[in-house]
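Chemist: Dropping the structure in here first, questions after.
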Amino acid sequence: MTDKPSQKAPHVGLFATCLVDLFRPGVGFAAIKLLEDAGCTVSVPQSQTCCGQPAYNSGDRRDAAAIAKTVIAAFEAYDFVVVPSGSCGGTIKKHYPGLLGDDREWGARAEALSAKTHELISFLTDILGVAAVSARFDGSVTYHDSCSGLREMGIEAQPRALLETVDGLTIREMADADVCCGFGGTFCVKYPELSNAIVEKKTEAIAASGADTVLAGDLGCLMNMAGKLQRQGRPIKARHVAEVLAGMTDMPAIGESE
Amino acid sequence: MSGRETVLGKVRRALAVSGSESDREAAVEQRLASPAAGVIPKRGQLEGAARVDLFCKMAEAVQAGVTRVASSDDVPEAIAKFLRQNNLPAEIRLGADDRLAGLPWEKTPNLTRKSGPSDGRDLTGVSHALGGVAETGTLVLHSGSDNPTTLNFLPDTHIVVVNAGDIAGDYETVWQRIRATFGKGVMPRTVNWVTGPSRSADIEQTLLLGAHGPRALQIIVIGGTA
Amino acid sequence: MRITAPAFKENAQNALTDLHLQRALEHVEAGFIHKRAKVVAALPEFDALRDAARDIKNHTLEHLDLYLEAYEKAATKAGGQVHWAETGGDARAIILDICRKAGAKTITKGKSMVSEEININDFLAENGIEPVETDLGEYIIQLRGEPPSHIIAPAVHLTKDQVEADFRRVHTHLDAARDLSESTSLLAEARGVLRDKFLAADVGMTGANFLVAETGTSVIVTNEGNGDLTQVLPRVHIVIASIEKVVPTLEDVSTLLRVLARSATGQDMTVYNTFSTGPRRPGDPDGPEEYHVVILDNGRTAMLGNEFHDMLRCIRCGACMNHCPVYHAIGGHAYGTPYVGPMGAVLAPALFGLDEAANLPNASTFCGRCESVCPMRIPLPKLMRHWREKEFERGLAPATQRWGLGVWAYFAQHPRLYRLSTRLAIGALGWLGKKKGRFRALPLAGGWTRHRDLPAPSSRTFIDQIRDREQ
């Protein structure tokens with residue numbers, strides 16, 4: 001049984017992230033299912049585009065701030081903003097307030113939005129008190145801790161706790177699960193050789209775990225790892241953890257054809 | 001403008017201060033006049049025999065040897081025995097420390113004692129520590145004719161005598177003793193914390209003992225058993 | 001050393017294919033990461049100590065002018081001579097002057113990153129004074145004519161075989177048939193060779209991990225004891241230290257020492273922590289007759305009081321680089337500056353210029369592991385981002401990169417345009433990639449597809465599918 005913290009169903013604004021929107025909508029639908037199953041009403045503001053992290057991390061504070069304002073305006077009316085990504089979620093929650101801190105009005109609005117912004121899995125467990133999911137996945141998985149999710153948003157135990165409740169699923173932890181996969185946003189295209197060296201270590205660890213599938217909470221990391229595994233000719237699949245928890249693993253794994 | 005004025009001027013400009021703000025001066029004066037201990041790990045905060053036992057355990061964990069004797073009368077024989085057991089010549093160099101001079105060396109007539117700072121050719125040096133710190137098995141020594149600093153570093157083997165009663169739980173306690181001995185704000189030329197024998201891991205991260213300082217450190221603890 | 005940071009990409013590429021280096025870098029994990037984790041787990045107060053350490057440095061930096069004056073007063077009272085250098089050049093001139101007055105022919109050196117920063121070795125050699133590095137790692141790289149590749153373990157990039165080859169090449173006075181297959185033999189040889197140098201030196205120069213204002217004391221921290229032999233045997237002891245090394249009291253330095261060794265090498269305490277104040281006292285049988293401290297700015301004041309202020313808390317433990325995936329991949333030389341890894345990425349642009357060192361703060365994934373292990377709680381990724389902001393303001397980034405990101409940012413602020421263009425682009429890509437599910441190659445995506453496949457999107461974006469459902 002899930003604990004509902006208020007009588008009225010929490011109204012969640014889903015911030016899908018640009019990668020989910022463009023490359024893997026299934027993650028968005030999995031997020032909706034998980035949130036609705038936990039008793040939320042979910043809306044998807046259609047004006048959403050990007051959280052502004054590429055501009056922010058490239059030193060373009062002006063554009064990042066402008067984008068942040070559009071996100072705040074589109075989402076601040078909801079009870080919660082939920083993001084299937086530790087990286088984009090972290091940008092909104094941890095970085096928007098500092099980014100707009102010099103502006104009294106927007107700084108306050110950024111703080112307010114930050115207070116109700118959460119990454120998807122930790123929202124389910126820590127805010128809604130979800131302790132189990134009803135899903136089935138026959139196979140073994142290994143979980144990669146995406147850096148922002150781990151170090152900015154404190155996500156580590158929560159996905160594993162929910163994965164433990166998936167019928168038929170075995171978790172095989174990899175060595176160095178908490179070490180960067182080498183994606184780093186624009187890093188992977190600014191320094192391709194370096195990024196490659198780092199993702200090679202990650203795919204070695206994934207393979208050594210013996211798992212059939214690698215999961216994570218961030219699509220950037222997943223596309224990076226999936227792309228490398230496939231280039232190496234390895235049969236290991238990659239999925240967003242939300243897909244498995246929502247029982248929506250009929251869709252092809254990342255980089256697989258239908 | 002001197003280098004001093006230039007650098008201090010830049011510091012002050014960066015901090016947007018003139019340097020004569022009385023509240024800043026008071027804060028600095030206060031901290032220097034009444035140094036306060038920070039976070040002190042519970043680990044070393046033991047009493048009596050337990051504290052001495054911890055010191056010995058921590059020292060051994062960093063490859064120091066530990067000999068425990070009941071009284072200072074036992075020290076010369078403990079030294080002679082250690083040298084025999086390690087196939088070292090029965091010859092040591094020590095400083096002018098009264099606590100060492102006053103030991104019953106007549107019990108070890110075959111042990112040759114040389115005095116003064118090391119000339120780089122001694123195999124074994126003997127010092128008496130000011131004290132120790134149980135938290136990490138650390139010895140505290142200081143410069144002077146009693147225990148020349150070169151004895152801590154030049155001889156191949158360093159034997160250090162320490163009284164169990166001088167082993168503190170933490171470094172802060174020893175700093176208080178040094179202040180009491182030399183005066184507040186006054187230090188000898190050198191205070192040495194020594195934790196184990198010399199080592200290096202500079203070759204493929206492999207730990208090797210005896211880099212430039214002593215290859216072996218033997219600590220003789222006087223007293224302190226339950 | 002000569003700054004080669006502008007060639008970072010090329011240097012990094014060479015590092016990735018350097019087999020000796022890659023083999024040597026494997027030791028970093030066990031040698032540093034696991035040891036630190038173990039010793040930290042054994043000390044419940046470690047996080048509280050980090051907070052205390054950060055607070056000590058913050059307080060000191062806020063009152064830096066006053067603590068520097070207090071330090072100078074106490075050091076002078078104890079018979080020391082304090083010199084102030086604004087730039088590296090000033091420091092070199094002061095040091096040369098001291099050495100000349102001492103009639104020095106050789107000078108032994110304890111490990112000092114500040115001395116590396118100001119290129120003192122080459123300068124002294126040019127002026128007829130032979131500097132001899134005595135830290136084993138520093139000695140090895142001095143033989144090779146290389147800069148250090150790590151701020152704590154200068155020779156971490158070398159294998160045992162390489163060290164043996166260098167010893168054989170340089171120590172020609174020793175028996176050519178001697179067995180050097182074991183590391184213990186290499187160590188014994190270095191000990192013997194350097195012992196003679198220690199005893200013959202006219203001047204000894206060390207850095208300082210800390211300067212204690214209360215007592216006018218300089219602190220050095222070594223495992224080998226080389227710093228001690230450097231400073232106790234010669235007639236003159238010179239300390240070179242930058243301004244942010246000052247801490248207020250002996251208690252404060254004890255707090256910092258508790259986090260330093262644990263963060264650096266995974267030891268509870270480094271073997272030798274030496275607190276030196278002034279020259280030898282009357283009646284002392286050993287110790288230097290002259291004690292000089294050269295206090296150096298060289299760019300620190302340009303970080304004080306602004307957005308880079310937190311970097312001045314650094315105690316040079318090296319934990320950040322030990323845990324950095326980029327450092328693990330390429331080692332230290334690729335950075336092309338004396339300071340490497342995450343701390344180098346923040347410090348190098350400040351000390352050597354953003355023009356020279358811009359690559360360093362850019363070559364980071366912002367994974368944050370460095371910040372998570374920094375004993376002084378320095379927000380390293382945030383500081384690297386500040387350098388990227390400065391770079392952006394000055395228009396230093398490559399034009400194609402600025403243009404691409406600018407286009408994305410424009411679209412991100414114009415949802416209708418964004419929807420229209422992405423619908424088209426994703427539609428096309430989805431259709432092209434439908435059969436295989438991924439792309440091995442794609443125009444404009446060479447940076448990605450050189451090393452990995454690009455997963456194909458499905459044909460309709462998430463938002464469009466939501467819109468479809470609602471209609």
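Chemist: Going by the conditions given, is A:T91 within 14 Å of another protein chain (Cβ to nearest Cβ), out of contact with any His (no Cβ under 8 Å at 6 or more places or on another chain) and closer than 23 Å to A:S47 by Cα? Full working, then the answer.
Modeler: Details: within 14 Å of another protein chain (Cβ to nearest Cβ): yes; out of contact with any His (no Cβ under 8 Å at 6 or more places or on another chain): yes; closer than 23 Å to A:S47 by Cα: yes.
For A:T91, the condition - within 14 Å of another protein chain (Cβ to nearest Cβ), out of contact with any His (no Cβ under 8 Å at 6 or more places or on another chain) and closer than 23 Å to A:S47 by Cα - is met.
Chemist: Out of the residues in region A:194-248 that are polar (S, T, N, Q) and farther than 20 Å from A:E119 by Cβ, state the one that is surrounded by the fewest Cβ atoms within 10 Å (Cβ to Cβ).
Modeler: Within region A:194-248, the subset polar (S, T, N, Q) is A:195-196, A:203, A:209, A:213, A:224, A:230, A:232.
After this cut, where a residue has to be farther than 20 Å from A:E119 by Cβ as well, the list is A:195-196, A:203, A:209, A:213, A:230, A:232.
Values: A:S195: 30, A:N196: 19, A:T203: 25, A:S209: 20, A:T213: 22, A:Q230: 26, A:Q232: 16.
Per the criteria, the residue is A:Q232.
Chemist: Can you name the residue in region A:118-132 that is in contact (Cβ under 8 Å) with a residue 40 or more places away in the chain and not in a loop (DSSP other than H, G, I, E, B) and is also nearest to C:K382 (Cα to Cα) among such residues?
Modeler: Within region A:118-132, the subset in contact (Cβ under 8 Å) with a residue 40 or more places away in the chain is A:119-121, A:123-124, A:127-131.
Right, trim to not in a loop (DSSP other than H, G, I, E, B) and you get A:119-121, A:123-124, A:127.
On the way: A:E119: 21, A:L120: 25, A:I121: 26, A:F123: 26, A:L124: 29, A:I127: 28 Å.
Filtering region A:118-132 for residues that are in contact (Cβ under 8 Å) with a residue 40 or more places away in the chain and not in a loop (DSSP other than H, G, I, E, B), the one nearest to C:K382 (Cα to Cα) comes out as A:E119.
Chemist: When the residues of region C:419-455 are filtered to those that are surrounded by 17 or more Cβ atoms within 10 Å (Cβ to Cβ) and more than 7 Å from chain A (Cβ to nearest Cβ), which remaining residue is farthest from A:G26 (Cα to Cα)?
Modeler: Among them, the one singled out is C:T449.
Chemist: For residues that are assigned to a loop (DSSP other than H, G, I, E, B), crowded, with 19+ Cβ neighbours inside 10 Å and either out of contact with any strand residue (DSSP E or B) (no Cβ under 8 Å at 6 or more places or on another chain) or not assigned by TED's automatic domain parsing to the domain that holds A:C221 (or both), tally how many sit in region A:160-180. Before you say what the answer is, go through the steps one by one.
Modeler: If we filter region A:160-180 for residues that are assigned to a loop (DSSP other than H, G, I, E, B), which is where we start, we get A:164-166, A:172-180.
Filter once more, so that each one left must be crowded, with 19+ Cβ neighbours inside 10 Å: A:166, A:174, A:177, A:179-180.
After this cut, where a residue has to be either out of contact with any strand residue (DSSP E or B) (no Cβ under 8 Å at 6 or more places or on another chain) or not assigned by TED's automatic domain parsing to the domain that holds A:C221 (or both) as well, the list is A:179-180.
Final tally of qualifying residues: 2.
Chemist: Hey, can you tell me all the residues within region C:426-464 that are within 26 Å of A:V42 (Cβ to Cβ) and not in a helix (DSSP H, G or I)?
Modeler: We begin by selecting, within region C:426-464, every residue within 26 Å of A:V42 (Cβ to Cβ); these are C:426-427, C:430, C:455, C:457-464.
Across region C:426-464, the qualifying residues are C:P455, C:P457, C:S458, C:S459, C:R460, C:T461.
Chemist: Within region C:141-161, how many residues are more than 17 Å from the chain's Cα centre (by Cα) and either surrounded by fewer than 23 Cβ atoms within 10 Å (Cβ to Cβ) or closer than 18 Å to C:A201 by Cβ (or both)? Let's see the steps before the verdict.
Modeler: Step one: list which residues in region C:141-161 are more than 17 Å from the chain's Cα centre (by Cα), which gives C:142-145, C:158-161.
Right, trim to either surrounded by fewer than 23 Cβ atoms within 10 Å (Cβ to Cβ) or closer than 18 Å to C:A201 by Cβ (or both) and you get C:142-145, C:159-161.
Counting residues in region C:141-161 that are more than 17 Å from the chain's Cα centre (by Cα) and either surrounded by fewer than 23 Cβ atoms within 10 Å (Cβ to Cβ) or closer than 18 Å to C:A201 by Cβ (or both) gives 7.
Chemist: I need every pair where a residue in region A:180-191 that is more than 7 Å from chain C (Cβ to nearest Cβ) has its Cβ under 6 Å from the Cβ of a residue that is aliphatic (A, V, I, L, M), sequence separation at least 6 or different chains.
Modeler: Within 6 Å, the pairs are A:C181/A:V199; A:C181/A:M225.
Each row is one residue, and each column tells you yes or no for (1) closer than 30 Å to B:V17 by Cα; (2) at pLDDT below 95; (3) in contact with a Pro (Cβ under 7 Å, 6 or more places away or on another chain); (4) surrounded by 17 or more Cβ atoms within 10 Å (Cβ to Cβ).
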residue	(1), (2), (3), (4)
C:T17	no, no, no, no
C:A24	no, yes, no, yes
C:G31	no, yes, no, yes
C:A41	no, no, no, no
C:R54	yes, no, no, yes
C:L64	yes, no, no, yes
C:L68	yes, no, no, yes
C:G89	yes, no, no, no
C:R92	yes, no, no, yes
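Chemist: Being assigned to a helix (DSSP H, G or I) and either at the interface with chain C (Cβ under 10 Å from one of its Cβ atoms) or crowded, with 21+ Cβ neighbours inside 10 Å (or both) is the filter here; which residues of region B:31-50 pass it?
Modeler: B:R31, B:L32, B:A33, B:K42, B:R43, B:G44, listed by residue number.
Chemist: For region C:126-157, which positions are within 9 Å of chain B (Cβ to nearest Cβ), touching a residue at least 60 places away in the same chain (Cβ under 8 Å) and under 22 Å from C:S263 (Cα atoms)?
Modeler: C:D135, C:L136, C:A153, C:V156
Chemist: Grab the helices (runs of 4 or more DSSP H) fully contained in region C:62-144, keeping just those with 3 or more residues being touching a Lys or Arg at 6+ places or on another chain (Cβ under 9 Å).
Modeler: C:64-77, C:113-117, C:120-126, C:136-144
Chemist: Continuing with the same structure: Could you tell me whether C:Q162 is in contact (Cβ under 8 Å) with a residue 40 or more places away in the chain and in a helix (DSSP H, G or I)? Break it down into steps so the answer makes sense when it comes.
Modeler: On the way: in contact (Cβ under 8 Å) with a residue 40 or more places away in the chain: yes; in a helix (DSSP H, G or I): yes.
Here the answer is yes, as C:Q162 does meet what is asked.
Per-residue answers, yes or no, for (1) of a type in the set (S, T, N, Q); (2) on the phi > 0 side of the Ramachandran plot; (3) within 9 Å of chain B (Cβ to nearest Cβ); (4) buried (at least 24 other Cβ atoms within 10 Å of the Cβ):
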| residue | (1), (2), (3), (4) |
| --- | --- |
| C:A201 | no, no, no, yes |
| C:G204 | no, no, no, yes |
| C:S218 | yes, no, no, yes |
| C:L229 | no, no, yes, yes |
| C:V232 | no, no, yes, yes |
| C:R235 | no, no, no, no |
| C:V247 | no, no, no, yes |
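Chemist: Determine, yes or no, whether C:A208 is surrounded by 23 or more Cβ atoms within 10 Å (Cβ to Cβ), at pLDDT 95 or above and part of a loop (DSSP other than H, G, I, E, B). Break it down stepwise before answering.
Modeler: On the way: surrounded by 23 or more Cβ atoms within 10 Å (Cβ to Cβ): yes; at pLDDT 95 or above: yes; part of a loop (DSSP other than H, G, I, E, B): yes.
Answer is yes for this residue.
Chemist: Of the residues in region A:49-83, how many are outside any helix (DSSP H, G or I), more than 7 Å from every other protein chain (Cβ to nearest Cβ) and not aliphatic (A, V, I, L, M)? Give the derivation first.
Modeler: Of the residues in region A:49-83, the ones outside any helix (DSSP H, G or I) are A:49-52, A:58-60, A:76-83.
With more than 7 Å from every other protein chain (Cβ to nearest Cβ) added as a condition, the list becomes A:51, A:76-83.
Add one more test, that the residue is not aliphatic (A, V, I, L, M), and what stays is A:51, A:76, A:78-80.
So the count comes out to 5.
Chemist: Counting only residues that are surrounded by fewer than 18 Cβ atoms within 10 Å (Cβ to Cβ) and assigned by TED's automatic domain parsing to the domain that holds B:T67, give me the strands (runs of 3 or more DSSP E) lying completely in region B:109-226 with at least 3 of them.
Modeler: Numbers: elements: B:112-115, B:124-128, B:131-133, B:138-142, B:157-163, B:190-194, B:216-222.
The strands (runs of 3 or more DSSP E) meeting that bar are B:112-115.
Chemist: So if I check each of C:R416, C:R467, C:R402, C:R423, which one is outside any loop (DSSP other than H, G, I, E, B), in contact (Cβ under 8 Å) with a residue 12 or more places away in the chain, at negative phi and not hydroxyl-bearing (S, T, Y)? Steps first, please.
Modeler: On the way: C:R416 fails: in contact (Cβ under 8 Å) with a residue 12 or more places away in the chain; C:R467 fails: in contact (Cβ under 8 Å) with a residue 12 or more places away in the chain; C:R402 fails: in contact (Cβ under 8 Å) with a residue 12 or more places away in the chain.
Going through C:R416, C:R467, C:R402, C:R423 in turn, just one is outside any loop (DSSP other than H, G, I, E, B), in contact (Cβ under 8 Å) with a residue 12 or more places away in the chain, at negative phi and not hydroxyl-bearing (S, T, Y): C:R423.
Chemist: Write out, first by first residue and then by second, each pair whose Cβ atoms fall under 8 Å of each other, whose residues are 6+ apart or on separate chains, and whose first residue, in region B:180-195, is at the interface with chain C (Cβ under 7 Å from one of its Cβ atoms) while the second is part of a helix (DSSP H, G or I) and of a type in the set (D, E).
Modeler: B:N192/C:D228
Chemist: Related question: How many residues are touching an Asp or Glu at 6+ places or on another chain (Cβ under 7 Å) and either at the interface with chain C (Cβ under 8 Å from one of its Cβ atoms) or among the acidic types (D, E) (or both) when one looks only at region B:121-144?
Modeler: Of the residues in region B:121-144, 4 are touching an Asp or Glu at 6+ places or on another chain (Cβ under 7 Å) and either at the interface with chain C (Cβ under 8 Å from one of its Cβ atoms) or among the acidic types (D, E) (or both).
Chemist: Right, here's the next one. Somewhere in region C:171-182, is a residue under 26 Å from C:D228 (Cα atoms), of a type in the set (A, V, I, L, M) and surrounded by 15 or more Cβ atoms within 10 Å (Cβ to Cβ)? Before you say what the answer is, go through the steps one by one.
Modeler: Step one: list which residues in region C:171-182 are under 26 Å from C:D228 (Cα atoms), which gives C:171.
Going one step further and asking which of them are of a type in the set (A, V, I, L, M), we end up with none.
Checked against the condition, which is being under 26 Å from C:D228 (Cα atoms), of a type in the set (A, V, I, L, M) and surrounded by 15 or more Cβ atoms within 10 Å (Cβ to Cβ), region C:171-182 yields no hits at all.
Chemist: Being over 17 Å from A:Q53 (Cβ atoms), modelled with pLDDT of 95 or more and of a type in the set (G, A, S) narrows it down to one of A:A112, A:A68, so name that one. Give the steps one after another, and end with the answer.
Modeler: Details: A:A68 fails: over 17 Å from A:Q53 (Cβ atoms).
Selected residue: A:A112, the only one of A:A112, A:A68 that is over 17 Å from A:Q53 (Cβ atoms), modelled with pLDDT of 95 or more and of a type in the set (G, A, S).
The values are calculated or read from the model by the stated rules, or taken from the named source; none is laboratory data. Keep in mind that this is a model prediction, so the values were computed, not measured. Every residue, glycine as well, gets a Cβ built from its backbone with ideal geometry; the counts of neighbours run over all protein chains shown.
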